[in-house]
Amino acid sequence: MEEAVRQTRTHLIELFKKHGFNPRGDLGQNFLIDLNIIEFVVREAELTKQDVVLEVGSGTGGMTTFMAVQSGHVVSVEYDTNMYELASEQTGNFDNVTLLNVDALQTKNRIQPVVIEELQKRLKEIPGSGLKLVANLPYNIATPLISNLVATELPWERIVATIQLELAERMIATPGRGKYSALSVWLQAQAKVKLIKRMSPKVFWPRPAVDSAIVKITPQPEKRERISDRDFFHDFVRRVFHQRRKLLRGVVCGMYRKQLSKSAVDALLAEEGLTTESRAEEMEVDQLVSLSNRLHGAIVQE
């Protein structure tokens, strides 16, 4: 069994010096150098040989090797060619690691098909396996990646990721708070979202300009099943929160003006116990799911 690489600040500085390049700030390349944090992330993932792991942002392969020791297979995605080469060196002796040198996202609303295909392939190879996203995510990709993974039909069982603290706070935000958003609703409508650790910049090299956090997201199938059409709900939440502070009636009438009359929208809102003063930013997640279901049902019947 190969051993995990101990990724310290000294190790990384020497590695970059040897290869003659530096971390790229434009790609959010801030590497975890606190070994306790790396071990904490992997421990919270509760990896077993039945798990296929998706890692986005391989970096130098430090966390990749930790996960490879414990999991069935790791599919690690790295956009930067230099980092891909470093990760390839670190993980070369592991036969249960697949490195992909691609952008994890095809568009902001879709995960790269080659990544999906590789995950499906590895899941099929391990009967009864589940998928876990475990990663030190580059800040610029964290929101679309997590949101789009939840939108897929992949059998994901857990997400444990380091992200920007402000984003973590948006994920767990509740109605009436400034950080309550479409992302808050989308995730909380289908999963349990927990901020499990806050981190200062000093646990990374180079140090980012903001604080970070580790989030753990666990699917809740009973919640997901209450959503009658997830594509419709995803679109509804995005659009209604684009005008979150406006009165809900006017927003919904504008969104579905081609499908529903104003009187039909009024009737639907009344059935949901909503008033003419209701706003999306003040509504509970369950209320938004229920309204989305009712709107979808009315539109489908048209």
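The values are calculated or read from the model by the stated rules, or taken from the named source; none is laboratory data. The structure displayed is predicted, hence computed values, not measured ones. So basically every Cβ, Gly included, is an ideal-geometry build from the backbone, and we count neighbours across all protein chains shown.
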Taking GLY178 and the conditions (1) over 23 Å from GLN29 (Cβ atoms); (2) in contact (Cβ under 8 Å) with a residue 24 or more places away in the chain; (3) in the same structural domain as LYS124 (by TED's automatic domain parsing), which numbered condition does it fall short on, given that it satisfies the others?
(2)
Need pairs with beta-carbon distance below 7 Å; first residue charged (D, E, K, R) and assigned to a loop (DSSP other than H, G, I, E, B) and within the range 38-52, second buried (at least 17 other Cβ atoms within 10 Å of the Cβ) and modelled with pLDDT of 95 or more; sequence gap 6+ or separate chains.
LYS49/SER71; LYS49/GLY72
Of all residues in the range 109-155, how many are surrounded by fewer than 19 Cβ atoms within 10 Å (Cβ to Cβ) and of a type in the set (Lys, Arg)?
3
From the options ARG110, ARG122, residue that is under 18 Å from the mean Cα position of the chain (by Cα) and among the basic types (Lys, Arg):
ARG110
Going through the range 273-289 one residue at a time, which ones are free of Cβ contacts under 8 Å to residues at least 24 places away in the same chain and surrounded by 17 or more Cβ atoms within 10 Å (Cβ to Cβ)?
GLN287
Mind checking whether some residue in the range 84-102 is more than 17 Å from LYS49 (Cα to Cα), of a type in the set (D, E, K, R), in the same structural domain as ILE217 (by TED's automatic domain parsing) and part of a loop (DSSP other than H, G, I, E, B)?
no
Looking only at the range 213-229, count every residue that is in contact (Cβ under 8 Å) with a residue 60 or more places away in the chain and more than 30 Å from GLY297 (Cβ to Cβ) and tell me the total.
2
In the range 194-208, which residues are in a helix (DSSP H, G or I) and either crowded, with 18+ Cβ neighbours inside 10 Å or aliphatic (A, V, I, L, M) (or both)?
VAL203
For ALA151, indicate whether it is among the hydrophobic types (A, V, I, L, M, F, W, C), in contact with a Phe, Trp or Tyr (Cβ under 7 Å, 6 or more places away or on another chain) and in the same structural domain as PHE31 (by TED's automatic domain parsing).
no
Residue among LEU15, LEU54 that alone is closer than 20 Å to ILE146 by Cβ and either assigned by TED's automatic domain parsing to the domain that holds LEU131 or at pLDDT 75 or above (or both)
LEU54
All but one of (1) assigned by TED's automatic domain parsing to the domain that holds ILE163; (2) surrounded by fewer than 20 Cβ atoms within 10 Å (Cβ to Cβ); (3) at pLDDT below 95 hold for GLY72, so report the exception by its number.
(3)
When restricted to LEU260, LEU247, the only residue surrounded by 17 or more Cβ atoms within 10 Å (Cβ to Cβ), over 23 Å from LYS108 (Cα atoms), of a type outside the set (S, T, N, Q) and not assigned by TED's automatic domain parsing to the domain that holds GLU153 is LEU260
At least 2 residues that are of a type in the set (A, V, I, L, M) in each: list the helices (runs of 4 or more DSSP H) lying fully within the range 209-302 that qualify.
230-242, 248-255, 262-271, 285-301
